[in-house]
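**Student:** A single structure is presented below for examination.
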Amino acid sequence: MNKPKDALAIATDVDKRFPNADARLVIGIMSTRIDAKLKLGEVQEAEDDLRALKAKFEKEQLGLEFYTRALAVVASAFEEAAEKLRGKDQEKYDLFAVKAATYYYEYYNLNPTAISTKPDQMEAMADKLFMAAQQRMALGQGKIGKEGVDEARKIYDKARELYDG
């Protein structure tokens, strides 16, 4: 507890070191590894681990609660990193804000019922989704292409549903 470096050492390559371990346990440990990296301020490294966790989650179809929690904490970390760069480094601010918004959007798509009974969380998620759509549209079609603009429109629609819900 409260020793992120020790947690990282223990959790390194857990899926390779213990190939026959219960997949749900491995996913839980991978999620804990992400938390440890975030505590050490290693946001982009945590994102790399999130990609590995996503692959494991999609392969095993287990551990939704671990995966969605990891999405939320990585999204929050990128959101905080973006806020620190607001007005200082617009390019990195845009990049981090889009990453945060993308992870919030993925979280919501995987688990929309998690917030449907909590009005305060619905409004907060609507704000996050609205931010996601705004960030994507701000990048413009030149950077995200037609598919990205279409995705931004879908995100706006989801945000509107939550605001109206």
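A short reminder: the numbers here are calculations on the coordinates, not readings from a lab. These figures come from a predicted structure and were not determined experimentally. Because the Cβ atoms are built from the backbone with ideal geometry, glycine has one as well, and the counts that use them run over all protein chains shown.
**Student:** With only Lys, Arg, Asp and Glu charged, each at its Cβ (+1 for the first two, -1 for the last two), find how big the charge dipole of the stretch 1-103 is about the Cα centre; round to the nearest 20 debye.
**Tutor:** For this selection, approximately 180 debye.
**Student:** Starting with the highest mean, order 27-35, 62-70, 79-87 by the number of other Cβ atoms within 10 Å, averaged over the residues of each peptide. It would help to have the intermediate numbers written out before the result.
**Tutor:** Values: 27-35: 21.7, 62-70: 19.2, 79-87: 14.7.
In decreasing order of mean packing, 27-35, 62-70, 79-87 become 27-35, 62-70, 79-87.
**Student:** Among 13-19, 39-45, 105-111, what's the highest-first ranking by average C-beta atoms within 10 angstrom per residue? Could you put the intermediate results ahead of the total?
**Tutor:** Numbers: 13-19: 11.7, 39-45: 14.6, 105-111: 19.0.
Top of the packing list down: 105-111, 39-45, 13-19.
**Student:** If each DSSP helix of 4+ residues adds -39,500 (n - 2.57) and the sum is divided by the residues in the chain, what number results at 222 nm, nearest 500 deg cm²/dmol? Could the numbers behind the result be given before it?
**Tutor:** Numbers: 7 runs with 136 residues, N = 165.
Result for the chain, helices only: -28500 deg cm²/dmol.
**Student:** Next question, about the same structure. Which entries in LYS56/LYS88; LYS5/LYS56; LYS39/LYS158 show an alpha-carbon gap greater than 28 Å?
**Tutor:** Numbers: LYS56/LYS88 37 Å; LYS5/LYS56 23 Å; LYS39/LYS158 31 Å.
Pairs exceeding 28 Å: LYS56/LYS88; LYS39/LYS158.
**Student:** For the pair LEU110/ASP13, report the inter-label distance in nm, with labels modelled 7 Å from Cα in the Cβ direction.
**Tutor:** Simple spin-label model gives 2.5 nm for this pair.
**Student:** On the principal axes of its Cα set, how long, how wide and how thick is the stretch 38-109? Give whole Å, largest value first.
**Tutor:** Principal extents (Cα only, largest first): 42, 26, 15 Å.
**Student:** How many nm is it between the label spots at ALA138 and LYS154, if each spot is 7 Å from the Cα in line with the beta carbon?
**Tutor:** For ALA138 paired with LYS154, the spin-label model returns 2.2 nm.
**Student:** Which lysines, on any chain, are close to LYS99 with Cα under 16 Å apart, when same-chain ones fewer than 8 places away are left out?
**Tutor:** LYS54, LYS84, LYS128, LYS143
**Student:** If a/c stays under 1.5 just call it rounded; otherwise compare a/b with b/c (prolate if a/b is bigger, oblate if not). Do that for the stretch 23-165, with a ≥ b ≥ c from the square roots of the Cα gyration tensor eigenvalues. Can you show the working numbers first?
**Tutor:** On the way: a/c = 1.67, a/b = 1.22, b/c = 1.36.
Taking the square roots of the gyration eigenvalues as a ≥ b ≥ c, the stretch 23-165 is oblate.
**Student:** Quick one: helix 23-39 against the long Cα principal axis of the chain, what's the angle to the nearest 10°, folded into 0 to 90?
**Tutor:** Value to nearest ten degrees: 70.
**Student:** Something else: Calculate the spin-label point distance for LYS3 paired with ARG86, positioning each point 7 Å from the Cα along the beta-carbon direction, and give it in nanometres.
**Tutor:** Here the modelled spin labels are 3.8 nm apart.
**Student:** For the stretch 17-72, what is Rg from Cα atoms divided by 2.2 N^0.38 Å, rounded to two decimals? Mind dumping the intermediate values first?
**Tutor:** Details: Rg = 10.7 Å, N = 56, 2.2 N^0.38 = 10.2 Å.
In units of the globular-protein estimate, the stretch 17-72 measures up at 1.05.
**Student:** Let me ask something else. Which FRET efficiency value, to the nearest 0.05, is calculated for LYS54 and GLU123 with the Förster distance at 35 angstrom and r the Cβ-Cβ distance? Don't skip to the answer; put the middle values down first.
**Tutor:** Working: r = 27 Å, r/R0 = 0.77.
With R0 = 35 Å, the Cβ-Cβ based efficiency is 0.80.
**Student:** Then there is this: Can you list the aspartates and glutamates whose alpha carbon sits under 16 Å from that of LYS59, skipping same-chain ones fewer than 8 residues off?
**Tutor:** Answer for LYS59, where 16 Å is the Cα cut-off: ASP15, ASP22, ASP49, listed by chain and number.
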